[in-house]
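Worksheet: one structure, shown below.
Throughout, read-outs are computed from the coordinates displayed, never taken from laboratory work. Owing to the predicted nature of the structure, the values given are computational and were not obtained by experimental measurement. So basically every Cβ, Gly included, is an ideal-geometry build from the backbone, and we count neighbours across all protein chains shown.
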Ligand code: NAI
């Protein structure tokens, strides 16, 4: 098992990529703490892991609230004795997020609070706990939009993900000699509840599909598999990287017909 003996904490693990990653980590031997704001969903992830013979706990945490993030990390260390893998995965895609010229301040503030400040807070308390544990792997979920722009804009989301990428790089450099590895995971469009509404519209779906060389959207498990690599010691030389898992989008100029 690739994560035997490790303790992992994953935010936003009640749904989508976080849920699949929690299940994957548990299957590979990690003891997992699932955090979310939707308690029912988070508890369902834990129930599924336990039913499959794994070890997991649920903790309620809004990642945009410092006291809750601090308490989430303290809960993990209190329950399992240490923290080896911190995955800041929770994120939102605000329905009113759009062009820079008409996105309202409230949409901007909410998106930045969860997607960027949430990752800052998770990194702040997570890195402290991993230092106390003798080292660890920090996985911050950014996006391919941190690397390229789109003519169908989502300005707050894109800005938040750019921030996650550069913040992660700096954390990686600062703590590289103290046993902490920090990497940004940059998924392409993945068929999770986050994108479900958008991709339900055939025109919106097609508008995006034409830009994906591999010819399809990604599945959550394909991101969970990449997270597993970053969490495990197999990626021991990797820090400060952007692991792009996007079906070739960021490599493409003209895609196949
Ligand atoms: P999802 O919507 O399926 O799951 C997100 C989870 O985060 C939900 O369980 C939600 O309750 C939780 N959450 C929301 N606000 C929270 C808060 N304040 N505190 C704690 N938990 C909160 O989304 P998905 O697709 O699994 O996304 C996971 C991450 O991957 C996000 O950071 C997203 O931006 C990123 N991502 C997703 C892509 C996609 O195409 N689905 C592409 C690139 C990045």
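Here are some notes:
- For peptides 203-214, 29-40, sequence by mean Cβ density within 10 Å, most packed first: 29-40, 203-214
- Within the chain, helix-based [θ] at 222 nm, where runs of 4 or more DSSP H residues each add -39,500 (n - 2.57), nearest 500: -13500 deg cm²/dmol
- Relative contact order %, the chain, counting alpha carbon pairs below 8 Å whose residues are six or more apart: 19 percent
- More than 17 angstrom apart: percent of Cα pairs within segment 13-71: 32 percent
- With each label modelled as a point 7 angstrom along the Cα→C-beta vector, the residue 152-residue 4 pair spans 4.6 nm.
- Highest mean packing comes first when the peptides 91-100, 7-16 are listed by Cβ atoms within 10 Å, giving 7-16, 91-100.
- FRET efficiency for residue 66 and residue 216, using Cβ-Cβ distance with R0 set to 35 Å, rounded to 0.05: 0.35
- Restricting the calculation to Cα atoms, segment 170-216 shows an Rg/Rh of 1.27 when the hydrodynamic-style radius is the Kirkwood one.
- FRET efficiency, 1/(1 + (r/R0)^6) with R0 45 Å, evaluated for residue 204 and residue 173 via beta carbons: 0.70
- C-alpha center-to-center spacing [segment 102-135, segment 227-257] in angstrom: 22 Å
- log₁₀ of I(q)/I(0) at q = 0.18, 0.26 Å⁻¹ - segment 91-172, Debye sum with one point per alpha carbon: -0.73, -1.21
- Cα gyration tensor shape of segment 188-257, rounded if a/c is under 1.5, else prolate or oblate by comparing a/b with b/c: oblate
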